[in-house]
Structures are given as C-alpha cells and as structure tokens.
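Student: Okay, here's the structure, questions in a sec.
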Amino acid sequence: MPIILFALLFFVLLALAGVILLSLALRYRAGTARRQARHWVAKLNVWMTSLSVVFFLSFTFLLSFWVGSAFRYALIGMGIGGILGLLGLALTRWENRPEALFYTPSRWLAFLIVFAIAARVVYGWWHATHSGSTACRRPWSANSGRQERRRGSSLLTRQRSPGKALRAANRRAGSPCRATSRRCS
C-alpha cells in the first residue's frame, strides 16, 4: 500500500512540474506574439499604471514608519522596472501597416522575464526547504508551526524592544539557537 501512495505522490509531483513547465512555455509564447497596437489600450494602461504607482508609493511610505527601508526599496524597484520598460519599448519591433500599427515584443526580453520568474519560484522552494545555519537547522515544516505563531504573538503583545522580546520568546520556547548569537531563519 505505501508503494502505491509513493508512486501516486511521485506522479502528482511530476504532473505539477509538467504543468509549471507548460505554463512557462505558454507565457513565453504569448509574450512574443505579434499584436495590434490600440490607442485606447495604451492610454488606459498609462492612467491605470499611474494610479497604481500613487497607491503603491503611498502605502510603502506609510509602511516605512515601521520598516525603514521599504520606501527606498520600492523606489529602487520602480526605477529598475522603468528601465526595463524603456528597454522593452526600444527592443520592440514596430510595423506600420495600412490597416493598423502592429508590434512584436523582444524575444530576449520575454525570455529574461520568464527566466527570472522561474528562478524566483525555484529559489523560494529552495529557501523553504533549506532553513538557516547548521547551528539552528530545523525542518522546513517547523518554520510555520505553532511555535512560530507563539513567538510572533509574544512580539506583538510585549511593549519592549523587538530584540528583547524575540530573545525572551526564544527562551520560553526552548529555541535551539538559544546558546548561540545566530538567529534561526
């Protein structure tokens, strides 16, 4: 019976990997397709992006009161995104036909974006399954367990500095990192 369950789990994981690879291939194919440029779509895109930028920067500015570097990193990310957008606009092939204006996005830029998304998914999986240093290694399933929620709630309810509250929560929970200066991640 366990062999059947392991085989079933293996085939489910294999099918999931196949679906992910297929979705990446279809994303690349859709990202490099020739399309008709529409004036109203471009105008709507500019307005909606501007509105999104205003909300995003407003909320990251408010968040920067608690997380000091949030607004700075948001601006850096938006700057890099703007540069990539201008690069994509410059690398796009434009065709002015009598019936309409058509464009074909750059294959290299579409591949770079799909590769970056895939690399981020793989890194997230790796980071979830390989936790911390060797001094405080715990299984990945323990990182989201009851003990972590207890530590988080004690951090929220204490009126001390976060470092003192974290050390106190680790002492109460019996953390494996208690004797070392390194923290579990």
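Student: Sort out which residues of the range 18-34 are of a type in the set (Gly, Ala, Ser) and either in contact with a strand residue (DSSP E or B) (Cβ under 9 Å, 6 or more places away or on another chain) or farther than 19 Å from PRO105 by Cα (or both), and write them in order of number.
Tutor: GLY18, ALA33
Student: Looking at ALA37 and the list (1) closer than 22 Å to ARG107 by Cα; (2) modelled with pLDDT of 85 or more; (3) among the aliphatic types (A, V, I, L, M), which single condition is not satisfied?
Tutor: Going through (1) closer than 22 Å to ARG107 by Cα; (2) modelled with pLDDT of 85 or more; (3) among the aliphatic types (A, V, I, L, M) one by one, ALA37 breaks only (2).
Student: Whether any residue in the range 141-153 is loosely packed, with under 11 Cβ neighbours inside 10 Å, of a type in the set (D, E, K, R), modelled with pLDDT of 85 or more and farther than 30 Å from LEU21 by Cβ is what I want to check.
Tutor: no
Student: I'm told PHE111 meets every condition in (1) within 29 Å of LEU24 (Cβ to Cβ); (2) of a type outside the set (Gly, Ala, Ser); (3) surrounded by fewer than 13 Cβ atoms within 10 Å (Cβ to Cβ) except one. Can you identify the failing condition by its number?
Tutor: PHE111 satisfies all of (1) within 29 Å of LEU24 (Cβ to Cβ); (2) of a type outside the set (Gly, Ala, Ser); (3) surrounded by fewer than 13 Cβ atoms within 10 Å (Cβ to Cβ) except (3).
Student: Go through the residues of the range 102-109 one by one and say whether even a single one is at negative phi and under 22 Å from the mean Cα position of the chain (by Cα).
Tutor: For the range 102-109, residues at negative phi and under 22 Å from the mean Cα position of the chain (by Cα): present.
For (1) modelled with pLDDT under 95; (2) in contact with a helix residue (DSSP H, G or I) (Cβ under 9 Å, 6 or more places away or on another chain); (3) more than 30 Å from ARG97 (Cβ to Cβ); (4) of a type outside the set (Ser, Thr, Tyr), each residue gets a yes or a no:
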site	(1), (2), (3), (4)
MET1	yes, no, yes, yes
LEU26	yes, no, no, yes
THR49	yes, no, no, no
PHE55	no, no, yes, yes
TRP66	yes, no, yes, yes
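Student: Among the residues of the range 1-38, write down those that are free of Cβ contacts under 8 Å to residues at least 12 places away in the same chain and not aliphatic (A, V, I, L, M).
Tutor: Within the range 1-38, PRO2, PHE6, PHE10, PHE11, GLY18, SER23, ARG29, ARG38 meet the criteria.
Student: Taking the range 39-61 as the region of interest, how many residues are in contact with a Phe, Trp or Tyr (Cβ under 9 Å, 6 or more places away or on another chain) and without any contact (Cβ under 8 Å) to a residue 12 or more places away in the chain?
Tutor: 1
Student: Can you name every residue in the range 40-63 that is closer than 22 Å to ALA110 by Cα and aliphatic (A, V, I, L, M)?
Tutor: VAL41, ALA42, VAL46
The values are calculated or read from the model by the stated rules, or taken from the named source; none is laboratory data. Worth saying up front: this structure is predicted, and the values here are computed from it rather than measured. Backbone-built Cβ (ideal geometry, glycine too); neighbour counts: all protein chains shown.
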